[in-house]
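Taking it in order: structure first as structure tokens, then the write-up.
The values are calculated or read from the model by the stated rules, or taken from the named source; none is laboratory data. Every value quoted in this text rests on a predicted model; they were computed, and no experiment measured them. Here the Cβ positions follow ideal geometry from the backbone for every residue, glycine too, while neighbour counts run over all protein chains shown. These accessible areas exclude ligands, DNA and RNA; they are computed on the full protein's heavy atoms, side chains included. Shrake-Rupley method; radii C 1.70, N 1.55, O 1.52, S 1.80 Å.
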Amino acid sequence: MFKVLSGAWALLFGMMLLQVGNGMQGTLLGIRGEIEGFSTFAMSLIMSGYFVGFLFGSRMAPEMIRRVGHVRVYAALGSFISSIMLLYPTWTDPWAWGVARILIGFCFSAVYVTAESWLNNSASNENRGKALSLYMIVQMIGIVSAQGLMIVADPGGFVLFIIPSVLISISFAPVLLSVSPTPAFDAIKPMTLKQIYYASPLGCVGMFLLGGVFSAQFGMGAVYGGKAGLSVGQISAFVSSFYIGAMIIQYPLGWLSDVMDRRLLILIASAGVSVGAVAAILFGGYFPTLLMAAFIVGGLSNPLYSLLIAYTNDFLAHEDMPAAASGLVFINGLGAVAGPLTTAWMMSVMGPSGFFLYIAILGAATSAYAAYRMTQRRTRVVDPVENYTTVMPSSSPMAVTFAQVYDVDVAQEEEAEDAARLGAA
């Protein structure tokens, strides 16, 4: 672990600051939109813009890196992100914010692709798993820390927009001034969506539905808080609960996925998401209960991302796992684009409780489909099963792909060791 930190501390520190800035802007726009009197539908379009940009950025970033290199892409898009942060309070118009969210989603996606390929290059086969784990922990720390900064100034002013702009500007300095060499970039050609669906219908459907759940949390959580009459401090605590739950439950759920039928675990976890959302609807008027419900929803829904990828991998050859990762992330992104729009419509019909009702429906749908698939395909016995690699829904396809590459390397090494032991016997 210390070896990983010594070789990649600049990148990890920079990514943590970047996540602080990204986490702040998502929550801050939801609160500021309420102050400016933007409608729920307008805010949903604004929030969806991030995921539209992220989707396109994930696809276009590899070609940009191949043409001009990591450093230029990292520095140029970082400057755009910092500038857009300052434009939000200067031009408080829904259409301007919508365009800005598309641009900032594109920039963040491309920056993540760049940084994650850099991280993968700086790690070795022996410590790549630790590097990925550290990266996910850093992401969580950044997002949760961002919510704590929301109470340091008035969201109706400029200061809270200046803070993430400054942090994002600073985040690029450790990386760009680092002596680490820039990596060679070789993107992996993805499988077709039809091929991935044929391999695992549950993986594809689950990833699409989960995209809606994640984008509702990340994009509309603060909007829900504003409509529900929560204070800025309460909204910050509410949004933090989703990610704190994910941080705590991610690894225990990963351990369970390696010792039991993944479909059953997907069924139970998605049903738990639905139960937590229903509890928020029924008892959310009591703030501690609302925080606990958010903890459960976030804690069970975020690990489902890794779990669905691992389940899909159970039906793929080792060499196909990295290729399928990009397709699964794309499917998740399609669901994420529709999430804020559908959430806004349900909130306009039912009030703030529509936010959790949408999550409850998606959780129940995932659980029901998992139950259905259990009747259509026998349990696949995978020995060893252990191919669950922790990744976050906020990661780019590059991080997911590298996680699968690492998983494939480990599996091949274990197979070689088993073959050597059998030969010796």
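One residue stands out in the stretch 287-326 among those that are in a helix (DSSP H, G or I) and acidic (Asp, Glu): the one that is least open to solvent (accessible area, probe 1.4 Å), namely Asp320. Taking each residue of the stretch 150-172 that is in contact (Cβ under 8 Å) with a residue 24 or more places away in the chain and looking for partners that are in a loop (DSSP other than H, G, I, E, B) with beta-carbon atoms closer than 6 Å, six or more apart or interchain, yields Leu160/Ala153. Only residues that are part of a loop (DSSP other than H, G, I, E, B) and open to solvent by 10 Å² or more (accessible area, probe 1.4 Å) were counted across the stretch 143-154, and they come to 4.
Within the stretch 199-231, the set of residues being within 30 Å of Gly156 (Cα to Cα), surrounded by fewer than 24 Cβ atoms within 10 Å (Cβ to Cβ) and among the hydrophobic types (A, V, I, L, M, F, W, C) comprises Ala228, Leu230. Filtered by the rule that a residue be hydroxyl-bearing (Ser, Thr, Tyr), at pLDDT below 90 and within 19 Å of the chain's Cα centre (by Cα), the stretch 43-102 gives a lone residue, Ser58. Note on the stretch 244-256: among residues that are among the aliphatic types (A, V, I, L, M) and within 19 Å of the chain's Cα centre (by Cα), the one that is surrounded by the most Cβ atoms within 10 Å (Cβ to Cβ) is Ala246. Only residues in the stretch 65-88 that are closer than 14 Å to Ile162 by Cα count as the first member; pair them with residues that are open to solvent by less than 70 Å² (accessible area, probe 1.4 Å) and of a type in the set (Val, Ile, Thr), Cβ under 6 angstrom, at least 6 apart or cross-chain, and list the lot. Close Cβ pairs (under 6 Å, with a partner that is open to solvent by less than 70 Å² (accessible area, probe 1.4 Å) and of a type in the set (Val, Ile, Thr)) amount to Ile81/Ile104; Ile81/Ile168; Ser82/Ile168; Ile84/Ile104. Listed by first and then second residue, the pairs with beta-carbon distance under 7 Å, at least 6 apart or on different chains, first residue in the stretch 239-260 and without any contact (Cβ under 8 Å) to a residue 24 or more places away in the chain, second open to solvent by less than 40 Å² (accessible area, probe 1.4 Å), are Leu256/Leu265. The criterion of being of a type outside the set (A, V, I, L, M, F, W, C), within 17 Å of Ala216 (Cα to Cα) and at pLDDT below 90 does not hold for Gln19. For the structure I just gave you, tell me whether Val259 is open to solvent by less than 10 Å² (accessible area, probe 1.4 Å) and among the hydrophobic types (A, V, I, L, M, F, W, C). For Val259, the condition - open to solvent by less than 10 Å² (accessible area, probe 1.4 Å) and among the hydrophobic types (A, V, I, L, M, F, W, C) - is not met.
Among the residues making up the stretch 335-370, those that are out of contact with any Ser or Thr (no Cβ under 8 Å at 6 or more places or on another chain) and surrounded by fewer than 16 Cβ atoms within 10 Å (Cβ to Cβ) are Val349, Met350, Gly351, Ala368.
Restricting attention to the stretch 63-109, the residues that are under 19 Å from Ser48 (Cβ atoms) and small (Gly, Ala, Ser) total 5.
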